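The structure that follows is given in the form of structure tokens.
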């Protein structure tokens, strides 16, 4: 064996060893994340949309059981219309994941969290993919930081638990982009034609699963193909073929509702979203049906932990050196950084359109946050390298890099960790110091809460304190049926529920969350003039009220 051949063999062996270590670490990230999410699923109250999605998942599970028993019957138009009618107008993959995970992993968590394990699994895959992407480009320490930074964004942390579509589409969007990057990467080690096509096929398949989750996925080709046209042109054909062939096939395959009259139903799916009823939002003291274009930008800025936002700005500043990096040894990471920045813009842009729906905190543009975490990881690596260079010139400390890495990780993550701990379980109400925390946000006319997760606290109080046979009035109208799923129903079957103006007059207790756009004049007046018998919140800001609507109540 020649010296050159031996050097090449050793280099490939080292590269393989490094790749194996990253894969093992990513598997550990997956296991730790899914265990942590499942262990904390039950601390959140049921949110507005979860009953809709879980009922659809229940139907999907029944259909899967029918498919096993009688495939022909299950594929018939009559059966599909019965089990897959699209009144919620959302695709099928997330329902299938929720159904299968709920029937298996769901047995390991409390009953009120059974259907949340599907979201937990997809998010764990997201964190593992995030680790692999960052570790390959900016090192293991930056990857650990990226995963931790994303998980410790309080609002993202909450969404990773809920049986809704926002965290799943966030996860599948990132995984699709990471897979497309891997399919376009020019590795130093030779890549066979079969491997190259397999990577592109994985990216196309993941796009199909994202399409089968939420409408946001239709923007992903606008992330991948302009970037590939500029920086990975020789891989463009493979990506185009796999996205074009596999994406639609997987989308249709995972949504049986499209199997009959696919074109008409596909048009109906799009028309539903264009006709979506506006949802009012309180934004700096004014109620909007469609919030201003800058809503997504401002909400992102004031709901990120400050340390994470600061490091993300350092990552953005790396753009100044991109021209130099593209021409040098840093080309691979520079090209990837451009992909991340472009993906962030494409995912954020639609939410800034004047006609786009803007409400419910950050959930409608949740897919931007993995890219923010990557930019923060780039900022982390930049600060770390600069710190090591500065310290090496001034002090002689053994094992300087690992020691400084540990210190920087602690400094960068202690604030976000403290925020998650402080706001438990009300992470959807987190605001950062840029607006003065939750008290500052409330003073400036922002929504303290919005999605119903706070009603669990009131339910527990009522289960312990309400007199036998008491009537509990629930606002907003329609959420009364959801409250029955909390511990209140199983523990206190004697309690009765009501809603609407007529029920308010005869109720013993009234329960409403601190969302001004949903509070009726009755409850606004009651909150303003009476002391609640129970309230729960963070930093002195009430998020949920239990009130007595009539004199002489118990």
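Given a cut-off of under 8 Å on Cα pairs at least six residues apart, what relative contact order in percent is computed for region 3-388? Can you show the working numbers first?
Values: 508 pairs, mean separation 69.8, N = 386.
18 percent.
How large is Rg over Rh for region 446-497, taking Rg from the Cα atoms and Rh as the Kirkwood inverse mean of 1/r across Cα pairs?
0.98
Among 109-122, 462-475, what's the highest-first ranking by average C-beta atoms within 10 angstrom per residue?
Those peptides, ordered most packed to least, come out 109-122, 462-475.
So if we plug the beta-carbon distance of residue 65 and residue 330 into 1/(1 + (r/R0)^6) with R0 = 60 Å, what FRET efficiency do we get, rounded to 0.05?
Working: r = 53 Å, r/R0 = 0.89.
That gives a FRET efficiency of 0.65.
Now, a different point. Quick one: if the Förster radius is 56 Å, what FRET efficiency do residue 236 and residue 484 give, using the C-beta to C-beta distance and rounding to 0.05?
Plugging the Cβ-Cβ distance into 1/(1 + (r/R0)^6) gives 0.55.
Between residue 78 and residue 284, with labels modelled 7 Å along Cα→Cβ, what's the label distance in nm to one decimal, could you check?
5.9
Still on this structure, I have one more. Compute the helix-to-body angle for 262-274: its Cα long axis versus the longest principal axis of the chain, expressed 0 to 90° and rounded to tens.
With rounding to tens, the tilt is 70 degrees.
With the radius of gyration and the Kirkwood radius both derived from the Cα set of region 501-554, what is their ratio Rg to Rh?
With Rg and the Kirkwood Rh in hand, the quotient comes to 0.95.
Can you tell me the convex hull volume per residue for region 36-152, based on C-alpha atoms, in Å³ to the nearest whole number?
134
Moving on. With r defined as the distance between the Cβ atoms of residue 506 and residue 249 and R0 fixed at 60 Å, what FRET efficiency is calculated, to the nearest 0.05?
Given R0 = 60 Å and the Cβ-Cβ separation, E is 0.60.
Once you have the Cα-Cα distance between residue 395 and residue 539, take 0.36 nm times their residue separation minus that, and quote the gain in nm to one decimal.
Once the chain is fully extended between residue 395 and residue 539, it gains 47.5 nm.
Note the angle between two axes, namely the Cα long axis of helix 3-40 and the longest principal axis of the Cα atoms of the chain, as a number of degrees from 0 to 90, rounded to the nearest 10.
10
Let me ask another. Residue separation times 0.36 nm, minus the C-alpha to C-alpha distance between residue 410 and residue 345: what's the value?
Full extension from residue 410 to residue 345 adds 20.4 nm.
Compute the Cα gyration tensor for region 211-325, then decide on rounded, prolate or oblate, letting a ≥ b ≥ c be the square roots of its eigenvalues: rounded whenever a/c is under 1.5, prolate when a/b is larger than b/c in the other cases, and oblate in all that remain.
Oblate.
Quick check: Cα centre of region 95-116 to Cα centre of region 419-466, how many Å?
About 26 Å separates the Cα centre of region 95-116 from the one of region 419-466.
I'd like the orientation of helix 166-184 relative to the chain: the angle between its Cα long axis and the longest Cα principal axis, in ° from 0 to 90, rounded to 10.
Tilt relative to the chain: about 10 degrees.
Could you give the length gained on full extension between residue 222 and residue 517, defined as 0.36 nm per residue of separation minus the Cα-Cα distance, in nm?
102.7 nm
For region 357-511, restrict the atom set to alpha-carbon positions and state the Rg and Dmax in Å.
Radius of gyration, then largest Cα-Cα span, for region 357-511: 23.9, 77 Å.
Taking the Cα-to-Cβ direction at residue 531 and at residue 268 and moving 7 Å from each Cα, how far apart do the two end points lie in nm?
Label-label distance for residue 531 and residue 268, simple model: 5.6 nm.
To two decimal places, what compactness ratio does region 455-547 give when its Cα radius of gyration is scaled by 2.2 N^0.38 Å?
Relative to the rule-of-thumb radius for its length, region 455-547 sits at 0.99.
Please label the shape of region 139-293 as rounded, prolate or oblate, based on the square roots a ≥ b ≥ c of the eigenvalues of the alpha-carbon gyration tensor (a/c under 1.5 means rounded; beyond that, a/b larger than b/c means prolate, else oblate).
Oblate, because a/c is 1.5 or more while a/b does not exceed b/c.
Could you order the peptides 525-535, 248-258 from most to least packed, using the average number of other C-beta atoms within 10 Å per residue?
Descending packing order for the listed peptides: 248-258, 525-535.
Would you mind telling me the antiparallel percentage of the DSSP bridges in the chain, rounded to 5?
In the chain, DSSP labels about 65 percent of beta bridges as antiparallel.
Read the figures in this text as sums done on the coordinates, not as results from a lab. Keep in mind that this is a model prediction, so the values were computed, not measured. We place every Cβ from the backbone using ideal geometry, glycine too, and count neighbours over all the protein chains shown.
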